[in-house]
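Read through the structure below, which is laid out as structure tokens, and then see the notes.
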Amino acid sequence: MTLTPKTTSRPKVAVYKFSSCDGCQLSLLNLEDELLDLADAVDIAYFLEATRAVKPGPYDVALVEGSVTTPHEIERIRQVREEARFVIALGTCATSGGIQALRNFANAEEYARTVYEHPNFLEYLNTASPISETIKVDLEIWGCPVNKYQVLECIAALLQNRRPNLPQYSVCLECKRNGTVCVLVSQGIPCLGPVVQAGCGAICPANGRGCYGCFGPWSQGNFDSFVPTLVEAERYPGETALLLHNFNANANAFRKAADAARKASKKEA
């Protein structure tokens, strides 16, 4: 991918929000000093979380936070794709559907009737999906929320006409680099670290709890081997499946692993 502008002006960047909690956009704002440098390198033309000022498209880069959960969002994400040269899915909601994708495993209409007094006023889809199921996505940055420095690296890579230098290893390596003792081995605490993409700095294991997979499945994770091992160490039946059935429950690798964990847990019982 190359972000060479078609004119001598700075590349135009737009930041969009779909169904999400705004956490990934806040991660961008938390860049603080780096954000000033970024603003010098690109033209932040659309970013309602930061400013009401809007410059019309087309845009060179669109950063999209959130999943597609309504009919209107289907139309809107297609419009984003038409107006942007590059689309980057920003965070867990945009890459796998996020926590709201738990509706995919239940009955959305039943949820609506239970929560809202007048569900007939709602317009929603029965499933929540990553934006890649509706449009072509050029790059995905996982995380709940995203690692702000990874976002900065991806934009810098586009500006410099090179591939982004992102971690290609699991959370376990981050634990080793930090000197964090394995919570699964030492304390029997369930941890998804061996099959989860690095990027968070292994915050949870460093604080005495297991990784629950907010940065999504590691592409080289050996789920077939790891899931039976985790099931064998369960403190109560079904614990592994519940651990996988979380922020990234809708990610294909997690969905398959959760199903395998349920079957293995029943056999253990």
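The values are calculated or read from the model by the stated rules, or taken from the named source; none is laboratory data. Given the structure is predicted, the values throughout are model-derived calculations rather than measurements. Cβ placement follows ideal geometry from the backbone for every residue including glycine, while neighbour counts extend to all protein chains displayed.
Quick check on segment 259-269: of everything there that is surrounded by fewer than 22 Cβ atoms within 10 Å (Cβ to Cβ) and of a type in the set (A, V, I, L, M, F, W, C), which residue is nearest to the chain's Cα centre (by Cα)?
Here the answer is 260.
Is it true that residue 187 is polar (S, T, N, Q), out of contact with any Cys (no Cβ under 8 Å at 6 or more places or on another chain) and under 24 Å from residue 164 (Cα atoms)?
no
Given 202, 157, 198, which one is among the small types (Gly, Ala, Ser) and over 26 Å from residue 260 (Cα atoms)?
The unique qualifying residue is 157.
Taking only segment 105-133 into account, find how many residues are closer than 30 Å to residue 35 by Cα and in a loop (DSSP other than H, G, I, E, B).
Residues in segment 105-133 being closer than 30 Å to residue 35 by Cα and in a loop (DSSP other than H, G, I, E, B): 1 in total.
Whether any residue in segment 219-230 is touching a residue at least 12 places away in the same chain (Cβ under 8 Å), out of contact with any Lys or Arg (no Cβ under 8 Å at 6 or more places or on another chain), surrounded by 15 or more Cβ atoms within 10 Å (Cβ to Cβ) and hydroxyl-bearing (Ser, Thr, Tyr) is what I want to check.
Looking through segment 219-230, none of the residues is touching a residue at least 12 places away in the same chain (Cβ under 8 Å), out of contact with any Lys or Arg (no Cβ under 8 Å at 6 or more places or on another chain), surrounded by 15 or more Cβ atoms within 10 Å (Cβ to Cβ) and hydroxyl-bearing (Ser, Thr, Tyr).
Residues of segment 44-61 being charged (D, E, K, R) and modelled with pLDDT of 95 or more, which ones?
55, 60
Go through the residues of segment 157-166 one by one and say whether even a single one is over 23 Å from residue 31 (Cβ atoms) and charged (D, E, K, R).
no
Being without any contact (Cβ under 8 Å) to a residue 40 or more places away in the chain and not acidic (Asp, Glu): is that true of residue 175 here?
Against the criterion (without any contact (Cβ under 8 Å) to a residue 40 or more places away in the chain and not acidic (Asp, Glu)), residue 175 qualifies.
Here is a yes/no grid of residues against (1) in a strand (DSSP E or B); (2) at pLDDT below 95; (3) within 21 Å of residue 157 (Cα to Cα):
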site	(1), (2), (3)
78	no, no, no
81	no, no, yes
85	yes, no, yes
89	yes, no, yes
